[in-house]
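What follows draws every value from the coordinates through simple rules; no lab data is involved. Please read all numbers here as calculations on a predicted model, not as lab measurements. Note that each Cβ is placed from the backbone with ideal geometry, even for glycine, and that neighbours are counted across all protein chains shown.
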Amino acid sequence: MANFDQIQMPIHMSDFTLVIHGGAGTILKDDMTPELEKAYLDVLQSSLDAGFGVLEQGGSAVNAVKAAIVVMEDNVLFNAGRGAVFTKKGVQEMDAAIMDGSNLNAGAVAGVRNVRNPILLAMEVMNNSNHVFLSGKGANDFAIKQGIKLEPDEYFYSQFRYDQWKSIRDSDNYSLDHTNHHLEELLRDKKFGTVGAVACDSNGNLAAATSTGGMTNKKYGRIGDSPVIGCGTYANNHSCAISCTGHGEMFIRAVAAYDVSCLMEYKGLSLQQAMDIVVNEKLVQIGGEGGMIGVDSKGNFSLVLNSAGMYRGAKNNKGFNKVEIYK
């Protein structure tokens, strides 16, 4: 007779969902050519398909968000990885974070240079460093030790990012990104070019990941909310997985991602209710513009923004598949 612990109990398979964003802000249809709009929608769909493919194969939420982010980091349209913006010194400094909601493990990096896919480095920090957060040269040294792919400066060069930077590099201004059109509009535009992904896998496990190049012309090694666990990125199976994009300083001050989790865990709010309060009330009160994506352990998802647009998409096992740009 079989031992009791050898009897395989049927596991309830959860609905699985992947949600992505590619930045929020003043993204208006009037500023977009049909070609550029199509290019954005195509890569958003490619990112969704890559991450969702992992979930369809029974893969983990963590591996799904990683796969989705890599696609966007490899595309020059987004301010992350290859498309990262120029700092005051004319280089790219990138930040990324990933979190596993099943065990609260997390990995993050800030101010890394020449790393092709910062999200892969964040994953290495989570799995192989005994730490959560590495920065600057130390993070780069760890990347080399772990065999993470590096690229020369030329790989990260794009003419429109360089033109963006050149137009303000001699000033003390900085830009919140995603400007693809008239440079004289740069300073009055607000574009937050972060990429992010959240997922619920078929076992009901959650994960979140975020990656960014930060602000054009940023100084002093500035770091935003993206790599800060609880601010721009958070995942907990008991509540939700969240990835934010927006004016990072405000999202840090609001501890935005964790606040959604708290409202769900302690007040019993739904994902949608909690995200609405944080994005449309709490952030607005302190002048925080942007948005966030979220998913809960039942596979419910939400995308909330208080800006004119957000590059975004969602896909689940019930046949929902949509990518959008404007509000």
Next item on the list: List the residues whose amide H sits under 5 Å from the amide H of Y234, counting only those 5 or more places along or on another chain, with H placed 1.01 Å from N in the peptide plane.
Entry: I242
Next item on the list: Looking at the chain, send over the antiparallel percent of its DSSP beta bridges, to the nearest 5.
Entry: 95
Next item on the list: Distance from a point 7 Å along Cα→Cβ of Y157 to each backbone N in segment 45-77: keep the residues under 19 Å and list them by number.
Entry: 75-77
Item checked: Across K89/K137; K282/K315; K29/K219; K137/K218; K149/K218; K88/K137, pairs whose alpha-carbon gap is larger than 22 Å -> K282/K315; K29/K219; K149/K218
Margin query: Charges on Cβ only, +1 for Lys and Arg, -1 for Asp and Glu, centred on the Cα centroid of the chain; of A50, L121, G136, which one is farthest towards the dipole's positive end?
Written below: G136
Check: How many angstrom separate the Cα center of segment 222-251 from the Cα center of segment 107-175?
Finding: 18
Notebook entry, point to check: Relative contact order of the chain: what whole-number percent is it, with Cα pairs under 8 angstrom and at least 6 residues apart?
Noted result: 25
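To the nearest 20 debye, what is the magnitude of the charge dipole of the chain about its Cα centre, counting +1 on the Cβ of each Lys and Arg and -1 on the Cβ of each Asp and Glu?
Working: 29 positive and 36 negative charges, 80 e Å.
I would put it at about 380 debye.
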Next item on the list: Rounded to the nearest 500, what is the 222 nm mean residue ellipticity of the chain from helices alone, with -39500 (n - 2.57) per DSSP H run of 4+ residues and division by all residues?
Entry: -8500 deg cm²/dmol
Check: Under unit Cβ charges (Lys, Arg +1; Asp, Glu -1), what dipole magnitude, rounded to 20 debye, does segment 216-276 have relative to its Cα centre?
Finding: 300
Notebook entry, point to check: Suppose R0 equals 25 Å; then what is the FRET efficiency for K166 and D42 from their Cβ-Cβ distance, rounded to the nearest 0.05?
Noted result: 0.30
Note to self: Among (i) 20.3; (ii) 20.9; (iii) 19.3, only one was calculated for this model; which label is it, if the read-out is Kirkwood radius over Cα pairs in Å?
What the structure shows: (iii)
Next item on the list: With a point put 7 Å past each Cα toward its Cβ, work out how far H238 is from N300 in nm, to one decimal.
Entry: 1.8
Next item on the list: Among the lysines, select those whose C-alpha is under 19 Å from the C-alpha of K318, and discard any that sit fewer than 8 residues away in the same chain.
Entry: K298
